[in-house]
C-alpha cells in the first residue's frame with residue numbers, strides 16, 4: 001500500500017498536469033502570435049491572445065494565492081496552535097497548585 005496513490009492524490013496530480021499544460025500552451029501561443037498581422041477590429045487572433053493572457057494571469061494568481069494559503073496554514077499549525085493549546089489546556093502550574101518540589 002505504500003507505493004499506491006489514493007483518489008485525492010491522483011486528482012491533485014491530474015489537476016497539476018492540466019494547469020501546467022494550459023499555462024505552457026497559452027504561453028507558447030502568446031509568444032508565437034504576438035507579432036501577427038492584425039485584420040482589424042474583429043481579429044480572431046487578437047481575441048485568442050486576450051483569452052490566453054487572461055488564462056495565464058488567472059493561473060498565476062491562483063498559484064500565488066494557494067502558496068500564501070499553504071504557508072499561512074503551516075505557520076498557524078506549528079506556532080499559534082501549540083501556544084493556545086498550552087495556554088488553555090494547562091492553565092495552572094505547580095506553583096499555582098502550591099506543590100513543593102523538595103528532595
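Considering the convex hull of the alpha carbon atoms of the chain, report its projected area averaged over all viewing directions, in nm², one decimal.
Details: hull surface 57.9 nm².
Taking a quarter of the hull surface, the average projection is 14.5 nm².
For an R0 of 25 angstrom, estimate the FRET efficiency from the Cβ-Cβ distance between residue 14 and residue 77 and round to the nearest 0.05. Present the calculation step by step, with values, prior to reporting the outcome.
On the way: r = 27 Å, r/R0 = 1.07.
The value I calculate is 0.40.
Using helices alone, I'd like the mean residue ellipticity at 222 nm for the chain: each DSSP H run of four-plus residues gives -39500 (n - 2.57), total over residue count, nearest 500.
Working: 3 runs with 68 residues, N = 103.
After summing the helix terms and dividing by the residues of the chain, the value is -23000 deg cm²/dmol.
To make sure I understand, if each residue's beta carbon is the centre and we count other beta carbons within 10 Å, what order do 19, 97, 13 fall in, fewest to most?
Working: 19 14, 97 7, 13 11.
Exposure proxy ranking, most exposed first: 97, 13, 19.
At what distance in nm do the modelled label points of residue 7 and residue 30 sit from each other, each positioned 7 Å from its Cα along Cα→Cβ?
3.6
Per 0.36 nm of contour for each residue apart, how much would the distance between residue 21 and residue 51 grow if the chain were fully extended, relative to their Cα-Cα spacing?
Details: separation 30, 0.36 × 30 = 10.80 nm, distance 1.53 nm.
Once the chain is fully extended between residue 21 and residue 51, it gains 9.3 nm.
At q = 0.19, 0.26, 0.33 Å⁻¹, work out log10 I(q)/I(0) for segment 55-99 with the Debye formula, treating every Cα as an identical point scatterer and leaving solvent out; two decimals please.
Log10 I(q)/I(0), no solvent term: -0.69, -0.86, -1.01.
Coordinate-derived values only; no laboratory data. Only a predicted model underlies this, so the values are computations on that prediction, with no experimental measurement involved. When we count neighbours, we look across all protein chains shown, and the Cβ atoms used for this are built from the backbone with ideal geometry, even at glycine.
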